Structure formats: structure tokens, C-alpha cells
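The block underneath contains the structure these notes are about, expressed in C-alpha cells.
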Amino acid sequence: MKIPMDGVSCRMAIACALLCGLLWTSAVAEESNAVYPVSATDDSGRQIAISRPFRRIISLYGAHTENLFAIGCAGQIIGVSPNEAYPPEATQKPVFSYHDDLEKFLAAKPDLVLIRPMIERGYGRLVSGLEKAGIVVVSLQPTTPDELRQYWALLGVLTGRVREARALTTYFFDNVERFRQAAGTIRQRKRVYFEAIHGRMKTFSPNSMPIFVLETVGGVNVAPDAEVVKESQIAYYGKERILAKADQIDVFLAQTGVMNAATVDTIRNEPGFNAIDAVKNGRIYLVDEMLVSRPGPRLLTGMLTIGRMLYPERYATFQLPAWEVPH
């Protein structure tokens, strides 16, 4: 996600502020802390002209919904994807799906539809139909911490919530630093195999959000050589390679949810897994995939959850300050 500005110095300053959080100028619109128009590029390479904040937004990805609520956009959201669960207020919004007819979207009169690249690849007819009708479509899915910074910055510009997005970024990375400091003096770090999909013996790519969460709290990824699945946080590994490191795995950690329905018993009873140190010693833990795979501030809750699994004595009293949207 890039937010290239035009040659006007004021807008260049805003670009630096959005991406780096280092500089703010006085030439700022009162409602949004941004100067419009702004041009941006989404994750599908689409050029977006943002003449003003969008006010009628349909979010077709739960992570977008969570982040929009986090920066105070509840009143701008007119539709969300199916199976929304967080925050609870999202469940009260009208539901839209990429399986729906174009006419349902047009009847709602959105000015922005937020999607992710998977939707773009699989439902191109819907996307092109929305665009032909004059509705702006933006495709985003951050998969690394640096991309998360840019993602929040762009959401701020799209919604006129630049100040709130900047505050969320500061809140998040300040707490990441607190976790790193807490982990800094750990002498014997736990070596962890982090399972993404049990049935296919897949883990996470070394630069993915889940591995970022794991390493921030002091865990060591035993599968840095995993082969990344294209355009995904998931990586191939396979049972043979897992078992080759059986005596190096102190903890067997698995995400659980729609992506991976495995249970502790599933992992314990997998043929050959009784050779893994973590399995033999009963150190199999499950973590909600929404806390480690979904980009957003709840990654901090995922860090605390995994930190307490790996190092309960270190993180037992560690507390996260509540996030509050600036007013």
C-alpha cells in the first residue's frame, strides 16, 4: 500500500506523516487532519483518487471492519461481511457478501467498498460491476508489521480519521515495544512450531503476522525455512520436516478457527507426533486465529495469550492498557 502525493509541499508533508508518524503540518483539514485530494495505490495496484473522506462504507473483510470500528468509523459503515463477531456492534450492521447480486450493493448506495485481494481474484465480475457504477473499490490486506502501519494510515485517509489512525498506530507499536522489553531478558527461549493448517501440515511464513506475534513475546520459530504459499501468510512444511525437528520443538502451537479445526487431541494423536518433544511433554497449545492472523489491534491480545502460554511467570501480571478512540 503506497500513498504517493502530488508535488505540493504540504501534501508531501502529510504523506510523511501518514507513513512515518513523524511530521504534521498546520495546513490540515479540521475534520480529518488530511489534505484532499489524495492519490493512493491499493494492494491490487489500483490507483485511487480520494477527493474527500468516504461516508458510506461496505466492508467485505472482517479485519477491515474491526479496524474501522477501532478508529471510530461506526457511523460510516453501512454494511459488513457475513459471520462478523467483533466488535459486537458489527453484528448489528446489514450484511453483504461477495456472493450477492450487484443490485443489492447498488441499492445501498455505498461510496466505498473495502475488499481484500482474494475477493478481487475470485469475484472480479462483482468488483468490475461496482466500479462501472461509480463506486470506489479498495483492496487491502496487510501481512507484515510495516504494511500494517501503511494500512492504518490509508484507512485514516479513506475515512477522514487520520488522527485516530495515527493514535492507533502509536498505541499498537508502543505496546509491541513493551512486549519486546519484557521478552528481552529471557535466557532460554522456547522453540515453537506454529501450525497454520493441520490437515496439510502447513505453518506460517517467516515474515507473517503470526510469527511476528510469536517472536515479539520471545518465542523462536523452528520453521524459518518454510516455503511461502504465494500471496499468503501460510507456508508449506510437511510432516517429514516437522518430525525431523521433533527434538527441537519445545512447544507445539496451533491456530484454531475456520482455517484450522484441529484440537489438542487431533495433534496428540497424529501418527508419528508422539516423537515430538512438545507432544510427549504435553505442551500443545491452541490460540484463536482471529488473535494472530487477522491484522488489527487484537494482535496485542494474541501476544499476551501466547506470552502467557510460553512464559507464564513473565507475563502473568502483564496488562494491556485499554484502547480508546481519541475525541
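The values are calculated or read from the model by the stated rules, or taken from the named source; none is laboratory data. Remember, predicted model here, so these are calculated numbers, not experimental data. Note that we place each Cβ from the backbone using ideal geometry, even for glycine, and neighbour counts take in every protein chain shown.
Observations, loosely collected:
- Selection count, region 285-327, where residues are free of Cβ contacts under 8 Å to residues at least 24 places away in the same chain and farther than 24 Å from ARG166 by Cβ: 6
- Qualifying residue in region 98-106 (condition: more than 28 Å from HIS327 (Cβ to Cβ), buried (at least 17 other Cβ atoms within 10 Å of the Cβ) and at pLDDT below 95): yes
- Within region 254-300, if we keep just the residues that are among the small types (Gly, Ala, Ser) and under 24 Å from the mean Cα position of the chain (by Cα), the residue that is surrounded by the fewest Cβ atoms within 10 Å (Cβ to Cβ) turns out to be ALA261.
- For the residues LEU243, LEU253, the requirement of being outside any loop (DSSP other than H, G, I, E, B) and within 14 Å of MET201 (Cβ to Cβ) singles out LEU243.
- Of the strands (runs of 3 or more DSSP E) lying entirely inside region 164-236, not one carries at least 3 residues that are assigned by TED's automatic domain parsing to the domain that holds ASP146 and either within 19 Å of the chain's Cα centre (by Cα) or on the phi > 0 side of the Ramachandran plot (or both).
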